[in-house]
Amino acid sequence: MTTSIDSFLRFLSASPSAFHAANQVRSLLVGKGFLDDASSTASPTTPGGHVAVEGGAVVAWWIPEEFDSETSRFRVVGSHTDSPGLMVKPRPDVEGEGVHQVAVEVYGGPILQSWFDRDLAFAGRVVDSSGKTHLVNTGPIARVPNLAIHLYRADTPPVERQQHTQPVLGVDRPLLEVIGEQIGLDGEQVVAHELISVDTQEGAVIGDMLMAGRLDNLSSVWASLEALIEAQREATHSDVLVLVAFNHEEVGSNSPTGAAGPLLERFLRRIASGLGVNDFLSLCARSSMISADAAHAVHPNYATKHDPSHRPLLNAGPVLKVNANQRYASDAETEATWLRACEAACVPNQVFVGNNDVPCGSTIGPIAATRLGIPTVDVGVPLLSMHSAREMCGVEDMKWFVQAIHAFYTDARV
């Protein structure tokens, strides 16, 4: 396989919000011959590719020509479309000291200081007074200004989430008026919205490093998308290939389009029923799932925050993530599945285990595995500056990650 990092940068640019990312996945798959489940009259179990978008989540699946209801299985790669940031409040327009500002609520766990002094857009979806939904992206329109160093004496000023994160608008009109104008409406016709801050600086490759926003977790969404596009032509087995990218992982996954909701189960049950499977739970038990989410690379300036013997490096391969307290879903059997995929793809791999003195994050893996009973492994591309407005990963890791997921999808031995 050949993997173009330029295509990833284009994907990032076209995916400023979870809603844009889900629609971008659908658009790219339809362009490769997948049927849009919302408009297609074909059965969801017609051989070939299918894709469906629900809000900021997307599910895609590929049906083989032959499926054995007793031995075939699902091969699932799960990720998430959302990233931490500043979410616009329902009443966004605030005036302070002679300037227009935007009232925002902190979404997930962003590194707040990283959002200061950046040219910000707001992107997501709005609903107009007729009930129609629009995807919007304002382009650079606001900024959260830092406090001048002369006005405080500490090394860094404390960031109060309510008081200090409200962006200043660079226009003399309220935000909803600007958005309404973009979609041909006046501001009063925009009755509801889900809009999040976007750092408008484009992603860039510097040497063998990639710098961009939303690498957590569009790196995984794109890698699974690229692998699925190639896999539909090369699979050597009778299994169903599934891509799912959930929304709301950064805030716990508890939503209809999150991993704790019914989204994936509903689609898998629908597929299984159409393929004549009588025992859905047994099908799930013999299936496999990759929970693909960003991993921590060892930070050269904070090396003591990492476990001494598990220190993933940039450009040294995708990372297997293990946690004894089930913050990740990996176990011995699913770890072996991932290692076989890496071996089949001829890519290097690494392992992350947290330092005992440092809290460990989690992923969709334990949530989806618990809900469905599908054996799951947690993996990802190693990052620095995770949850920053602008993160950093290795170019080679991105290429290797696509290749390993492709092997998981296609190789009959995995």
Efficiency by 1/(1 + (r/R0)^6): what FRET value for residue 202 and residue 130, r their Cβ-Cβ distance, R0 = 30 Å, to the nearest 0.05? 0.30
Using a 10 angstrom cutoff on alpha carbons, build the Gaussian network for the chain and name the most mobile of 209, 398, 87. 209
Name the longest site-free stretch of the chain, where the excluded sites are GluC sites (Glu not before Pro) in a DSSP loop with no more than 16 other beta-carbon atoms within 10 Å. 235-414
Report, in listed order, any pair from 321/399; 89/321; 305/399 with a Cα-Cα distance greater than 23 Å. 89/321; 305/399
Specify the residue with the greatest mean-square fluctuation among 228, 210, 383, computed from a Gaussian network of the chain linking alpha-carbon atoms under 10 Å apart. 210
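How long is the gain from residue 279 to residue 307 if the chain were fully straight, where each residue apart is worth 0.36 nm and the alpha carbon distance is subtracted?
The span from residue 279 to residue 307 would gain 5.8 nm if fully extended.
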About the Cα centre of the chain, how large is the charge dipole given +1 on each Lys and Arg Cβ and -1 on each Asp and Glu Cβ? Please answer in debye to the nearest 20. 360
Give a residue-ordered list of calculated ³J(HN,Hα) values for region 335-347 (Karplus: 6.51 cos²θ - 1.76 cosθ + 1.60, θ = phi - 60°; whole Hz; x for Gly, Pro). 4, 5, 4, 5, 5, 5, 5, 5, 5, 5, 8, 6, 10
For the chain, which span is the longest to avoid every loop-located (per DSSP) member of chymotrypsin sites (Phe, Trp or Tyr not before Pro) having at most 11 other Cβ atoms inside 10 Å? 1-151
Which length gain, in nm to one decimal place, applies between residue 412 and residue 65 when the Cα-Cα distance is subtracted from 0.36 nm times their residue separation? 123.4 nm
Derived scalar couplings ³J(HN,Hα) [region 230-246; Karplus, 6.51 cos²θ - 1.76 cosθ + 1.60; whole Hz; x for Gly, Pro]: 6, 5, 4, 9, 10, 4, 10, 8, 10, 8, 8, 8, 10, 10, 9, 10, 7
Would you mind calculating the gained length between residue 336 and residue 360 on full extension (0.36 nm times residue separation, minus the Cα-Cα distance), in nm to one decimal? 6.4 nm
At 222 nm, what helix-only mean residue ellipticity would the chain give, in deg cm²/dmol to the nearest 500, using -39500 (n - 2.57) for each DSSP H run of four or more? -8000 deg cm²/dmol
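Every number in this text was worked out from the coordinates using simple rules, so none of it is lab data. Remember, it's a predicted structure, so these values are computed and weren't measured experimentally. Positions of Cβ are backbone-derived with ideal geometry, glycine not excepted, and every protein chain shown enters the neighbour counts.
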